[in-house]
Amino acid sequence: MDQANILIIGGGVIGCAIARAVSERWQDVFLVEQFPKLGMATSTRNSGVNHSGIYYPKNSLKARFCVEGNRLTYEFCKKRNVPFRHCGKLVVAADAHEVEELAALKKRGEDNGVEGLRLIDADEIRKREPHIKGVAALDVPSTGIVSAEELVHAYARVATNQGASIVPRARVISLEPSAQTICVGLRIGDEEDAQDETIDARCVINAAGLYADEVAAMLGNRSWKIYPVRGEYCEVRGPRSSLINNLVYPLPHSDGLSLGVHFTKTLWGTFLLGPTATYVEGKDNYEKNRLPIADFAHSAKTLLPEIEEKDLQLGYSGLRPKLVPPGGKGIADFVITRDSNVPQVIHLVGMESPGLTAAPGVAEHVAQLVAEVLA
Ligand SMILES: Cc1cc2nc3c(=O)[nH]c(=O)nc-3n(C[C@H](O)[C@H](O)[C@H](O)COP(=O)(O)OP(=O)(O)OC[C@H]3O[C@@H](n4cnc5c(N)ncnc54)[C@H](O)[C@@H]3O)c2cc1C
C-alpha cells in the first residue's frame, strides 16, 4: 500500500490549485482524477472570466476568495504564461428602472473591497461598446478573461515540479478512516482493465466538484446534496463577433441562480452568449434537450438589438454544482470544512462560480487547514 501525506480527490481547477499550494510545503502529495485528463468537468466548461467579487454577500467566502483570487490569478497567469486579457467589464442597466440596482451592486462591490468601480452613462457605454443599448452601466475594471484549460494545467505543472504525483484515470471508490489515516480505495485504468489499489493518507481533500456530496457520503457524511444546474452557451464567430469588444453583463437574476446571459469576448476572438441556468437530472447531462438558438437570440436582443438568430451557433455547456434545490432562492456560499467525524478530511462543496477565479485564494485557505490536520 502507498503512503501519502496528502491525497487530493479531483483534478479540476480547485484540486490543481490546492496541489500547487500544498506541494510547496509538504512532500508525498497525490492528486487523483477519474478522467484521462485534468479539468475535463466544470473547470473548462465555463466563461473563463476572472471575476471581480461584486456579486457576493459581504463577508462570504465567495466574496473574500473572489477578490483575493482575482489578483492572485492575474499574478499567476503573468508568471506562468497562461493566456489572459485584463479587459474590464460593463454591467448594463437596460432601462431606468435598473439604475438603482446598479448603484446597489456598486455598493456591494465596494463593501467587498473591489476597487475602481464607476457608474457610467449611455455616452460612455457607446464609446466602449458601440452596439450595446443601455441607459447606464457599472464599469468593473478588475474583471478579465483567462484560458481556463491552460490555467488548470499550469497549476498542475507547478505542483508536479514541486514533487506532487498527479494520477489520471484513478477514481476514488471508498474512504475508510482509521485512527491516524484514511485508507483511500482507488479504481485505476479504463473500466475493461481497471485495477483496484489503496493509498493510506494522513489528510484527504475532497475537491470532487459535482461529486463532492457522493465522496463525503463515502464517510457516512450526508450533509450536502448537489443539484446540477446546466449553463448553455451559443457562440458568434466571424465578422459579426465585432459586435462586442469585451465583457458585457445584464444585472444578475434576482433568484441567485446565475449572473444572467452575458456576452464574453473570448481569447480566440469570437464571443459567447450565455450561460443559461436550468436544473437537470444527471451529473454528465451536458447535451440532452438543449435550448433552441432562438431563445438565446431573443434574450440577447435586450442589450444587443442588432443580433440575429443566424449569427449564432450552438456552443458547449457546463454544470454548476448547486447546493440550492430547484425552487429554492438565494446564493449558497462555498463550503470549505473539515469533516465533523473524520477531521483529517477536508471537504470543498458547492464550488460553483466564482470557483475558477477563487481557486488560488481557496487553495491558500485549504493549506492552512491541512497544517492543522498534519500538526
Ligand atoms: C456554466 C458555468 C460558467 C462558469 N463561469 C465561471 C467564470 O466565468 N468564472 C469563474 O470564476 N467561475 C466560473 N464557473 C465556476 C467554475 O467553473 C467552477 O467553480 C470550478 O471549475 C470548479 O472547479 P472544481 O475543481 O471544484 O470542479 P471540477 O472542475 O468539476 O473538478 C472536479 C474533478 O473531480 C473529479 N472527480 C469527481 N469524483 C471523483 C472521484 N470519485 N475520484 C476521482 N476524481 C473524481 C471530476 O472528474 C472532476 O475532474 C462557471 C461554472 C459553470 C458551470
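Values quoted throughout were computed directly from the atomic coordinates according to the rules given, and no laboratory measurement underlies them. Treat the numbers as computed from the prediction; the structure is a model and nothing was measured. Glycine gets a Cβ as well: all are built from the backbone with ideal geometry, and neighbour counts include every protein chain shown.
In square nanometres and to one decimal, what's the mean projected area of the convex hull around the Cα atoms of segment 150-257? Write down the numbers at each step before the final one.
Working: hull surface 49.0 nm².
The orientation-averaged projected area of the Cα hull of segment 150-257 comes to 12.3 nm².
How are the C-alpha pair distances of segment 197-326 spread across 10 Å bins, as whole percents from the shortest bin up?
Using 10 Å bins, I get a P(r) of 12, 35, 27, 16, 9, 2 for segment 197-326.
Which whole number in µm²/s is D for segment 77-129 by Stokes-Einstein, with the Kirkwood Rh taken over Cα pairs at 37 °C and 0.692 mPa s?
Estimated diffusion coefficient is 248 µm²/s.
Direction-averaged shadow area of the convex hull around the Cα atoms of segment 1-146, nm²?
11.3 nm²
Return the calculated 222 nm mean residue ellipticity for the chain, to the nearest 500 deg cm²/dmol, obtained by summing -39500 (n - 2.57) across DSSP H runs with n ≥ 4 and dividing by the residue count.
-8500 deg cm²/dmol
Which net charge results when you count Lys and Arg as +1 and Asp and Glu as -1 among the other residues whose beta-carbon is under 15 Å from that of Lys225?
Summing Lys and Arg as +1 and Asp and Glu as -1 gives 0.
If you line up the Cα atoms of the chain on their principal axes, what length do they span on each, largest first, in Å?
Answer, in whole Å and largest first: 66, 43, 41 Å.
Using the Karplus curve 6.51 cos²θ - 1.76 cosθ + 1.60 with θ = phi - 60°, what ³J(HN,Hα) values do you get for each residue of segment 319-332, in whole Hz, with x for Gly and Pro?
Residue by residue, segment 319-332 yields 10, 7, x, 7, 9, 8, x, x, x, x, 10, x, 9, 7 Hz.
Please state, to two decimals, what the Cα-based radius of gyration of segment 312-364 comes to when divided by 2.2 N^0.38 Å (N = residues).
1.46
In whole Hz, what ³J(HN,Hα) sequence does segment 357-369 give by Karplus (6.51, -1.76, 1.60; θ = phi - 60°), x for Gly and Pro?
Rounded to whole hertz, the list is 5, 6, 3, x, x, 4, 5, 5, 5, 5, 4, 5, 5.
Quote the charge dipole size of the chain about the Cα centre in Debye, to the nearest 20; the model charges only the Cβ of Lys and Arg (+1) and of Asp and Glu (-1).
740 debye
For the chain, find the longest principal axis of its Cα atoms and tell me its angle to the long axis of helix 148-161, 0 to 90°, nearest 10.
For 148-161 against the chain, the angle is about 30 degrees.
What translational D, rounded to a whole number of µm²/s, comes out for segment 212-270 from Stokes-Einstein when the hydrodynamic radius is the Kirkwood one over Cα pairs, at 20 °C and 1.002 mPa s?
Answer from the Stokes-Einstein relation: 145 µm²/s.
Could you list, bin by bin from short to long, the percent of Cα-Cα pairs of segment 1-61 in 5 Å steps?
4, 15, 20, 17, 17, 14, 9, 3, 1, 0
Kindly give the semi-axes, whole Å and largest first, of the ellipsoid equivalent to segment 77-215, taking each as the square root of 5 times a Cα gyration tensor eigenvalue.
47, 19, 15
Go through Thr276, Pro292, Leu348 and say which Cα lies farthest out towards the positive end of the charge dipole of segment 276-354; charges sit on Cβ, +1 for Lys and Arg, -1 for Asp and Glu.
Of the options given, the answer is Leu348.
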